[in-house]
Amino acid sequence: MKRAIFTIILLLLFYPALHSANAMTEEEAISWAYSEVGNWSAFPDGSFEGQCTALVFRYAWENFGARIYLSPREFDSFDVSTLPEGWEKIDYTPGFIPDPGDIVYWHPGNTRELIIYGTGHTAIVVSASGSSWITLDQNYGAANPDEGSSAGLAVRNTYALVSGVLRPPFNGENGYQIPRPIASIAGEAYISRGESAQIELSFSGIGPWTLEYLEGDIERTRVFYDRENTLTVSPSKSTIYSLICVTDSSFYNFTETLLEEIIITVSDRNTESDSGNTAAYGVVLPTRDEPLKGSDDWARAELEPAFDLGVAPESIVYIGWKGATTRIEVAKTIVSMIEMHSKLSVFEMAQLRGWDLMQNTFSDTRNPNVTFLRYAGITDGIGDNKYNPVSTITRAEFVTMIGRVAEIFFNETMMGTHPFNDVPLWASPYIGYAVDKGITYGVSETRFNSNGLLQNQHTAIFALRAYVAMGDSFTG
């Protein structure tokens with residue numbers, strides 16, 4: 001052991017597992033110990049190589065996700081309430097026999113059988129029966145204690161000077177599992193150009209965490225030390241923030257792929273109170289008290305049931321009924337309609353079909369709604385493996401997507417006709433279907449306004465009519 005006074009620190013990190021790998025059993029602890037004979041262990045920064053505390057640290061960190069820095073001579077005064085969930089501190093009493101896998105601590109002392117120097121000693125129990133037991137130690141009986149030694153087995157015949165043990169939470173005893181890292185993002189917002197928004201990032205597992213994410217099409221990597229974090233962003237245009245993966249600081253540096261993103265929508269309107277509530281470009285914004293404010297008179301009779309039913313997502317409601325719907329909101333609206341008919345979430349539907357929503361994503365969005373629609377054949381993006389999620393969409397494009405939903409999920413045939421003279425060939429059968437089903441009536445007897453931007457009120461009404469028209473014929 002090193003004779004210098006060890007700075008007394010105990011840092012045990014543990015977070016309950018959400019996604020996890022099994023921690024070791026007692027039998028695996030014994031196998032691990034035998035496999036370490038002759039090896040040298042050190043702390044992560046390379047310090048204390050060959051010292052007893054470094055071996056114990058590696059054992060707990062590698063196999064149980066806990067970091068233990070504990071001066072052995074301080075074991076007696078250690079506060080058990082600081083131990084992580086599942087770990088036990090057991091003080092030695094006459095007759096006590098440790099279990100294989102326990103971390104045993106000795107306090108300094110000098111007896112007829114044993115001498116433990118001033119900082120104490122610690123080791124890992126391999127077997128124990130009565131007064132005969134075997135431990136895996138570093139720096140026990142080393143020729144030069146300051147230099148330490150590799151790990152070796154020590155046969156013992158006394159419990160003299162033993163303070164007690166720390167007992168890990170072995171798998172099968174109390175359900176402990178090595179925690180995997182998880183990250184989540186929240187804070188979808190609608191701001192005016194020049195304003196800021198706050199994004200909330202949460203982590204679980206063993207930190208600090210290294211997060212890879214996309215800010216628009218820019219890939220970023222950042223280390224987070226706290227479980228809850230707030231990022232202030234001021235994008236100059238509508239931007240999607242997508243989580244790619246998170247890596248923890250456990251021994252194994254577990255990495256988990258992520259599938260979450262939010263959009264910060266940026267408009268040119270001025271920030272206004274509900275009293276004025278008129279955008280700079282003339283769009284009147286609704287309020288929570290007046291959710292239909294700003295919509296056209298012809299639309300209100302259908303917007304109310306669309307809003308109540310949920311086919312009009314709040315995300316499109318509060319940026320103005322006459323505002324242009326983005327392609328990401330279109331995907332959300334269509335998937336919501338499918339979910340309502342199937343009574344399954346997008347993730348459950350994908351799982352039933354064997355679709356991995358973490359794969360087959362477009363390069364500019366990892367949104368699961370968009371990826372689901374890509375798998376289903378409802379959208380193939382704009383080319384070059386891009387979906388262009390924050391751009392607008394035309395009326396013809398949206399009605400075509402509705403028609404494809406009817407074909408794929410409701411076994412409908414696109415056999416309807418329409419009277420419009422401004423419909424492109426690729427959209428004609430789908431607009432014919434929509435006219436036949438009462439989903440659209442065009443803007444006049446002969447015009448559909450195919451290239452017109454899809455307004456939020458159009459999105460909600462088309463979705464409501466399509467939901468009703470498709471009825472109970474969902475086939476999946």
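Please treat every number below as a calculation from the coordinates, not as lab data. Because the structure is predicted, anything quoted here is derived from the model rather than measured. Here the Cβ is made from the backbone with ideal geometry for all residues, glycine too, and neighbour counts use every protein chain on show.
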Calculate the dipole size of the chain relative to its Cα centre from +1 charges on Lys and Arg beta carbons and -1 charges on Asp and Glu beta carbons; express the result in debye to the nearest 20. 400 debye
Within segment 374-476, which trypsin sites (Lys or Arg not before Pro) sit in a loop by DSSP and count at most 14 neighbouring Cβ atoms inside 10 Å? 447
Can you put 192, 242 in order of Cβ neighbours within 10 angstrom, beginning with the fewest? 192, 242
Which Cα, out of 68, 97, 57, lies furthest along the positive dipole direction of segment 20-167 (beta carbon charges, K/R +1, D/E -1)? 97
Share of alpha-carbon pairs per 10 Å distance bin for segment 297-470, given as whole %: 10, 40, 39, 11, 1
Reach of residue 332 by Cα under 16 Å, taken over lysines that are not fewer than 8 positions away in the same chain: 343
So what are the ³J(HN,Hα) numbers for segment 153-164, from phi and the Karplus equation (6.51, -1.76, 1.60; θ = phi - 60°), rounded to whole Hz, Gly and Pro as x? 8, 10, 8, 10, 10, 8, 9, 4, 6, 6, 8, x
List the lysines whose Cα lies under 20 Å from the Cα of residue 293, skipping any in the same chain that are fewer than 8 positions away. 322
Just to be sure I understand the curve: with the Debye formula and one point per C-alpha of the chain, what is log10 I(q)/I(0) at q = 0.12 Å⁻¹? -0.98
Ranked on Cβ counts within 10 Å of their own Cβ, fewest leading, 352, 114, 303 go 352, 114, 303
Here the Cα Rg-to-2.2 N^0.38 Å ratio for segment 309-383 is 1.13
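Could you please rank 402, 439, placing first whichever residue has the fewest other Cβ atoms within 10 Å of its Cβ? Display every interim value, and only then the final one.
Details: 402 28, 439 25.
With the fewest neighbours first, 402, 439 line up as 439, 402.
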Rounded to two decimals, the Debye log10 I(q)/I(0) of segment 20-167 (Cα scatterers, no solvent) at q = 0.08, 0.10, 0.17 Å⁻¹ is -0.19, -0.30, -0.96
Equivalent ellipsoid semi-axes for segment 381-476, as square roots of 5 times the alpha carbon gyration tensor eigenvalues: give them largest first, rounded to whole Å. 19, 18, 13
Mind computing the radius of gyration and Dmax over the alpha-carbon atoms of segment 180-267? Å is fine for both. 13.3, 45
